[in-house]
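The values are calculated or read from the model by the stated rules, or taken from the named source; none is laboratory data. Source: prediction; values computed, not measured. Quick reminder, even Gly has a Cβ in these numbers, built from the backbone with ideal geometry, and neighbours come from all protein chains shown.
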């Protein structure tokens, strides 16, 4: 904040090109800058930095821009869409706690693009195909005690676990499962009906969890969606020489030695397709259907090699490709927590969310609150899930996350409850002042340091949104919001607002209103709800 409203090192950047010292260039630039009616002063710092102080009128203009970007921006109607793929759960299994990473990171990235005016298409690439359906069908026939219409995902998981327990004693069960899945692939009516019921059961429960997380995805495209789109793709690859026969008749793609990529299988020796085959079909389908500008895959780091091979194959096929990006995120661990779907030892995402809400309820009970008793349950849901989600989003997505409740469940520091509390505080000030909409006064002659710091930080909101979008880094937005909370609370504690004299009272109320608006906008983008009272 001590470097003025703006700072630039352009004098140092162009020094060699123009054959002058950075200081001399800076002096010339300052003479030009100070002629602007928006610039109060400019000065040289260090070896050639220029620090610029704006006039109060110019700062007020920047506040208007910050206010404007609190609303969704005008759609870039002439641009091709951005496709964002995320969440991607497997059918017949409950969402594990680790699914929250792709789900909320992907949703926030899509929200950033959409808020800034980009056309966005979101896709859930669901694992709804494979031998697990054969295993489930066998298990249901042998041990199923309920009609499928009465089953939930927990019942499906129990059948899946039972199958693996029994198959350790009877190896023939695996052959039965493969045969059952083959009949599904061949269109057997009974197996298709069973498969559809399993998918419907799973998606119903998944959508309920998405609702709690403020997640909404445009298209649910399972792997099954691409089953009829792969034969032509394999023929194309064979004819172009990109796909070649490998060991035991498998079909493979090879890459230049300098790429350091191992060969990729696109068709197994037994004629089965795999993830690479389906994901190539995904690229081709989306190109033909949506003609995207770019396609983002929000998938964890363990799939890094898969996507490197996938993108390399797509280039070898000489398709007119969009920008393809694997948006990597690390793994999340909870102390002493192990996850294994096969044995049933999975930490369910729903259970983790319930735990977050229960902890929030206790956290809120420790504080005085003006929320009516009937609204406290909703507040606990808001604070608990917000705390859980914010803790994940506030960390660099490329790093591994060790999640702890102590870090998440606090009204202090860089946490969801702190952001929510600051929003509620700002709304409370506005309610007491009996104002809903207020603009900053035009007759401000001087600023207190707390006001100046807050105005400078607010002016950076459009850039913070853009940087978070450009880098696909949600934590850059959470960091901005955290700093806004710190600066606003500092002003709140140091200066009177409602009892201040004019024009300072109107200015501080306007800054309070904009603080609330920015926090609400940022939280919405982060999928987090913020209360008006707390």
Checklist entry - Say we look at the range 141-150 and pick out the residues that are surrounded by 13 or more Cβ atoms within 10 Å (Cβ to Cβ) and out of contact with any helix residue (DSSP H, G or I) (no Cβ under 6 Å at 6 or more places or on another chain); which of these is nearest to residue 272 (Cα to Cα)? => result 142
Checklist entry - Which residue out of 459, 468 is in contact (Cβ under 8 Å) with a residue 60 or more places away in the chain, crowded, with 18+ Cβ neighbours inside 10 Å and under 29 Å from residue 325 (Cα atoms)? => result 468
Checklist entry - Among 286, 278, which is the only one that is in a helix (DSSP H, G or I) and modelled with pLDDT under 95? => result 278
Next on the checklist: Among the numbered criteria (1) loosely packed, with under 13 Cβ neighbours inside 10 Å; (2) in contact (Cβ under 8 Å) with a residue 24 or more places away in the chain, which one does residue 35 miss?
Outcome noted: (2)
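Yes/no per residue for (1) at pLDDT below 85; (2) surrounded by 13 or more Cβ atoms within 10 Å (Cβ to Cβ); (3) not in a loop (DSSP other than H, G, I, E, B); (4) not assigned by TED's automatic domain parsing to the domain that holds residue 93:
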| position | (1), (2), (3), (4) |
| --- | --- |
| 302 | no, no, yes, no |
| 307 | no, yes, yes, no |
| 311 | no, yes, yes, no |
| 314 | no, yes, yes, no |
| 318 | no, no, no, no |
| 321 | no, yes, no, no |
| 324 | no, yes, yes, no |
| 327 | no, yes, yes, no |
| 343 | yes, no, no, yes |
Checklist entry - In the range 227-243, is there at least one residue being in a strand (DSSP E or B) and either surrounded by 17 or more Cβ atoms within 10 Å (Cβ to Cβ) or touching a helix residue (DSSP H, G or I) at 6+ places or on another chain (Cβ under 6 Å) (or both)? => result yes
Item to check | Failed condition for residue 190, given (1) assigned to a helix (DSSP H, G or I); (2) touching a helix residue (DSSP H, G or I) at 6+ places or on another chain (Cβ under 9 Å); (3) in contact (Cβ under 8 Å) with a residue 60 or more places away in the chain | outcome: (3)
Item to check | Boolean, residue 371 is under 19 Å from residue 523 (Cβ atoms), surrounded by 12 or more Cβ atoms within 10 Å (Cβ to Cβ), at pLDDT below 90 and more than 20 Å from the chain's Cα centre (by Cα) | outcome: yes
Checklist entry - Does any residue of the range 193-207 turn out to be modelled with pLDDT of 95 or more, in a strand (DSSP E or B) and within 30 Å of residue 388 (Cβ to Cβ)? => result no
Item to check | Filtered residues of the range 421-438 (kept if surrounded by 15 or more Cβ atoms within 10 Å (Cβ to Cβ) and assigned to a loop (DSSP other than H, G, I, E, B)) | outcome: 435, 438
Checklist entry - With (1) touching a helix residue (DSSP H, G or I) at 6+ places or on another chain (Cβ under 9 Å); (2) at pLDDT 95 or above as the list, and residue 428 as the residue in question, which single condition is left unmet? => result (1)
Checklist entry - Before we move on, is residue 218 in the same structural domain as residue 97 (by TED's automatic domain parsing), at negative phi and within 26 Å of the chain's Cα centre (by Cα)? => result yes
Checklist entry - Condition test on residue 152, is it within 34 Å of the chain's Cα centre (by Cα) and more than 30 Å from residue 323 (Cβ to Cβ)? => result yes
Next on the checklist: Quick check on residue 25: is it over 30 Å from residue 437 (Cβ atoms), out of contact with any strand residue (DSSP E or B) (no Cβ under 7 Å at 6 or more places or on another chain) and free of Cβ contacts under 8 Å to residues at least 24 places away in the same chain?
Outcome noted: yes
